[in-house]
Amino acid sequence: MLRWRSLAGIVAVLALALPATAGESPDAGGNGRCSAASEVTPLASQAASAGYVSNVLNRDGSIRSVSHDMLSRALESARSKQPIAWVVFTSMPEIAALSNEDRMCADLERATRINPLKFEDRRFESADELTNWIMDFTQGKGADGRSLYEQCPGNCSPRYTWWIEPRQSNLKVDAWVVCGQPRDRSSNRYQLTTSLASDC
């Protein structure tokens, strides 16, 4: 099973019932990230499968396929704005129905909502390259992925927000992570969203 990790919800009223003011979602750990006057435009919200085979084969409906398609469309929209907008890309897992709260995960969630885990100033040449890094990162691969799993261990489930700034020659990316309660591995699905934001 693909050990995909999740994003935090973004600051917009999407299918996830998120806050409307940029940078203020507690799940995102994004307080103060964007200007209070920042305009947020929801673009898309879609469920995707974390199934191992579907992601390895890049099948329609897999996280890899859906992420790439959503990012490509969002980046095109962002570059059409004047000034160019930021893309905010998120994912939220279905949380496991627990009879007893996982205390370690609960403690980590409270802490990382206030001070999210940050992986900032990463640079990528294309949506393809960014998608590949996201897949590795969320599976604990590479230096960033290993660091993430050390800080969000056990059954705790990270929730991510990626802040993506399209630049002339590359994409500047910041990932903010909240480490929360375990996800529902039986459903194996995530809700992915994209938004455009200014002044982030």
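Val11 meets all of the listed conditions (1) out of contact with any Phe, Trp or Tyr (no Cβ under 8 Å at 6 or more places or on another chain); (2) of a type in the set (Val, Ile, Thr); (3) closer than 26 Å to Ala197 by Cα; (4) at pLDDT 85 or above but one, namely (4).
Listed by first and then second residue, the pairs with beta-carbon distance under 7 Å, at least 6 apart or on different chains, first residue in the stretch 107-126 and free of Cβ contacts under 8 Å to residues at least 60 places away in the same chain and of a type in the set (A, V, I, L, M, F, W, C), second assigned to a helix (DSSP H, G or I) and surrounded by 17 or more Cβ atoms within 10 Å (Cβ to Cβ), are Phe124/Leu130; Phe124/Trp133.
In the stretch 117-171, the residue that is farthest from Met70 (Cα to Cα) out of those that are among the hydroxyl-bearing types (Ser, Thr, Tyr) and in contact with a strand residue (DSSP E or B) (Cβ under 8 Å, 6 or more places away or on another chain) is Ser147. Residue check: Leu2 meets all listed conditions (1) at pLDDT below 65; (2) over 23 Å from Asn115 (Cβ atoms); (3) within 15 Å of the chain's Cα centre (by Cα) but one, namely (3).
Cβ separations smaller than 6 Å between residues 6+ apart or across chains give the following pairs from the stretch 46-64 residues that are surrounded by fewer than 18 Cβ atoms within 10 Å (Cβ to Cβ) to residues that are at pLDDT below 85: Tyr52/Met1; Tyr52/Leu2.
In this structure, does Ser77 turn out to be over 18 Å from the mean Cα position of the chain (by Cα) and assigned to a helix (DSSP H, G or I)? Spelling it out, Ser77 is indeed over 18 Å from the mean Cα position of the chain (by Cα) and assigned to a helix (DSSP H, G or I). Residue check: Ser186 meets all listed conditions (1) surrounded by fewer than 18 Cβ atoms within 10 Å (Cβ to Cβ); (2) among the hydroxyl-bearing types (Ser, Thr, Tyr); (3) in contact with a strand residue (DSSP E or B) (Cβ under 7 Å, 6 or more places away or on another chain) but one, namely (3). Residues in the stretch 158-180 that are closer than 25 Å to Asn115 by Cβ and either surrounded by fewer than 19 Cβ atoms within 10 Å (Cβ to Cβ) or of a type in the set (Lys, Arg) (or both): Arg159, Glu165, Lys172, Asp174.
Remark: Leu148 matches the filter, which requires a residue to be aliphatic (A, V, I, L, M) and not in a strand (DSSP E or B). Taken together, the residues in the stretch 149-168 that are among the polar types (S, T, N, Q), modelled with pLDDT of 90 or more and more than 20 Å from Tyr52 (Cβ to Cβ) amount to 2.
The values are calculated or read from the model by the stated rules, or taken from the named source; none is laboratory data. Everything quoted here is computed from the prediction, not taken from an experiment. Reconstructed Cβ throughout: ideal geometry from the backbone, glycine too, with neighbour counts over all protein chains shown.
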